[in-house]
1. Counting only residues that are free of Cβ contacts under 8 Å to residues at least 12 places away in the same chain and open to solvent by 40 Å² or more (accessible area, probe 1.4 Å), which one in segment B:136-158 is farthest from B:Tyr237 (Cα to Cα)?
2. Given A:Ser103, A:Ser97, A:Ser59, which one is more than 9 Å from DNA strand D (Cβ to nearest atom) and either more than 14 Å from every other protein chain (Cβ to nearest Cβ) or of a type in the set (A, V, I, L, M, F, W, C) (or both)?
3. Exactly one of (1) near DNA strand D (Cβ under 9 Å from one of its atoms); (2) within 14 Å of another protein chain (Cβ to nearest Cβ); (3) open to solvent by less than 80 Å² (accessible area, probe 1.4 Å) is unmet by A:Arg87. Its number?
4. Is it true that some residue in segment A:231-240 is at pLDDT 95 or above, hydroxyl-bearing (Ser, Thr, Tyr) and more than 30 Å from A:Ala171 (Cα to Cα)?
5. If A:Glu225 satisfies every condition in (1) within 27 Å of the chain's Cα centre (by Cα); (2) surrounded by fewer than 20 Cβ atoms within 10 Å (Cβ to Cβ); (3) part of a loop (DSSP other than H, G, I, E, B) but one, which is the exception?
6. What number of residues in segment B:188-219 are of a type in the set (S, T, N, Q) and modelled with pLDDT of 95 or more?
7. Consider segment A:88-106. How many of its residues are among the basic types (Lys, Arg) and away from DNA strand C (no atom under 11 Å from the Cβ)?
8. Within segment A:250-262, is even one residue in contact with a helix residue (DSSP H, G or I) (Cβ under 6 Å, 6 or more places away or on another chain) and crowded, with 18+ Cβ neighbours inside 10 Å?
Protein chains: 2
Amino acid sequence: MKSSPMSRSTLKKTPLRPSSRQALVAPAFSPLYRQIKELMVRALGAGEWAPGAAIPSESELAVRFGVSQGTVRKAIDEMAAENLLVRRQGKGTFVASHNDPRSFYRFLRLTPDDGKVRQARSEPLGCRADEADEAVARVLQIQAGDAVVVLERLLRFSGDPVVLDEIILPADIFGTLTLDMLKHSDRSLYSVFESQFGVRMIRAEERLRAVAADARASSLLEVPEGTPLLLVERVTYTYGDRPVEWRRGRYATAQYHYFNELG
Amino acid sequence: MKSSPMSRSTLKKTPLRPSSRQALVAPAFSPLYRQIKELMVRALGAGEWAPGAAIPSESELAVRFGVSQGTVRKAIDEMAAENLLVRRQGKGTFVASHNDPRSFYRFLRLTPDDGKVRQARSEPLGCRADEADEAVARVLQIQAGDAVVVLERLLRFSGDPVVLDEIILPADIFGTLTLDMLKHSDRSLYSVFESQFGVRMIRAEERLRAVAADARASSLLEVPEGTPLLLVERVTYTYGDRPVEWRRGRYATAQYHYFNELG
DNA sequence: CAGTGGTCTAGACCACACT
DNA sequence: GTGTGGTCTAGACCACTGA
């Protein structure tokens, strides 16, 4: 069959086309590959394909969605660009996972000034139940007063304390989190979250400022009180842009810096 | 002509294929579209297409390079993703430019806490000739002792001083820069650099730390001495990954923050 | 209207990984 | 060898812009 107008209407899904023109101010025309992408993201969110596992091959998906392989490919291209999937030539396409050593500290932008790689070690300090205040509720899109879990931890690079994190998590997902689950794990937090709670962190937003070290930060990071610290507030999102973590980190930047590339 | 082995050898450029297999440890196989991209980047660097101007249409380029339109498209796709080009449906593909109001402060990540947009105004303070010390020379890939231009400027948001920048530029490009060229310009620095010196800033790397305000920063940013400030060191690159600017900015982050998205 | 980029398809072949 | 993703082509049609 040559490409013809018919091929469009023989699609199993008959995806919405902008034929009903000028619907609204924002008609939100969506090309086929983007609709396929949405279906696949939904499948990911629903857990149809587990983190680390291979998804079906491009040709299988093409059959399943009733489109050509090229269209599936474009959908996967975008998802790979967003770090939702990882392509491996000759092997297949895999669901990205924080269990993959290559992305253990994917969101950590702190780098030693001398560039030498160092072993990162997470030292959990405390884990308590609390209620969300106004600010937390707004960020996590829950109600003020809702139960949350507050986790404190220290991140060390080859022994030196460098990052003090306060991590706030909604209890409806992370309510059963305990210090013990983190104490003897040499994996990253997100790796544990993914395995134990089935929540995959997809993307994050960080807001940075400079602040003075308070008493607690000063003692834990082993710097004089008042030392300028980098305050990094992070909101982390899972599938469907749902915020599932609010993190406030204090970075000691005497021998480390926050690295960022601007494109 | 159906796609056949012949179509490969009828290419005008007969681009290098990895047929001579296993050349070295890093054979650096380069697909056609990437070779096309390299040719186009070189054309951009050589000034064949000026910033803001339209490049030839995809089909013209396909003829010129002796490849299919789809291959040119893939090359342009990558360049658009790197902000080298801007596609505009129905109009053409254009060379990205800092003169475009949409990218006036493309590399400035500072955002007001309340989210309200503010008018940014650059106030040049000084401009002097100097010699590169060891550190500057290393970053700008020039020789220690080479001539540089040092520019100081204050960035205000609706009147409030927020960023104090010290900007170091190689004199072989920017030797003729004067305060007057900046004094009465309401455009961004990079916009001036592009128009006056023909240097387009492509990408940048930033390294952030927290430091205490020294006397000068304190007086210009109108904060007490010792106030924690965000120190942002930026190296900016033009075509061919050539570093052409080293900038050291001190950001007052009482009502503003540095925003970063992690993908 | 013609010209541009944007989408979609179908098919061929290449590179890579496993068995 | 078989199956996967990766590249390249050719052609059709859609959507947008501006004359």
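1. Taking segment B:136-158 first, the residues free of Cβ contacts under 8 Å to residues at least 12 places away in the same chain are B:137-138, B:143.
Add one more test, that the residue is open to solvent by 40 Å² or more (accessible area, probe 1.4 Å), and what stays is B:138, B:143.
Values: B:Arg138: 14, B:Gln143: 18 Å.
The residue in question is B:Gln143.
2. Working: A:Ser103 fails: either more than 14 Å from every other protein chain (Cβ to nearest Cβ) or of a type in the set (A, V, I, L, M, F, W, C) (or both); A:Ser59 fails: more than 9 Å from DNA strand D (Cβ to nearest atom).
The unique qualifying residue is A:Ser97.
3. (2)
4. No: zero hits.
5. Just one mismatch for A:Glu225, condition (1).
6. Here is the first cut: in segment B:188-219, the residues of a type in the set (S, T, N, Q) are B:188, B:191, B:195-196, B:218-219.
Then keep just the ones that are modelled with pLDDT of 95 or more; that gives B:218-219.
So the count comes out to 2.
7. Taking segment A:88-106 first, the residues among the basic types (Lys, Arg) are A:88, A:91, A:102, A:106.
This time we only want the ones that are away from DNA strand C (no atom under 11 Å from the Cβ), so: A:102, A:106.
The total comes to 2.
8. Of all residues in segment A:250-262, those in contact with a helix residue (DSSP H, G or I) (Cβ under 6 Å, 6 or more places away or on another chain) come to A:250, A:252.
From the residues that got through so far, the ones that are crowded, with 18+ Cβ neighbours inside 10 Å too are A:250, A:252.
Yes, because at least one residue in segment A:250-262 is in contact with a helix residue (DSSP H, G or I) (Cβ under 6 Å, 6 or more places away or on another chain) and crowded, with 18+ Cβ neighbours inside 10 Å.
The values are calculated or read from the model by the stated rules, or taken from the named source; none is laboratory data. Just so it is clear, the model here is predicted, and its values are computed rather than measured. Cβ sites come from the backbone with ideal geometry, for glycine too, and all protein chains shown count toward neighbours. Side chains are part of the model used for accessible areas, which takes the heavy atoms of the whole protein and leaves out ligands, DNA and RNA. Shrake-Rupley method; radii C 1.70, N 1.55, O 1.52, S 1.80 Å.
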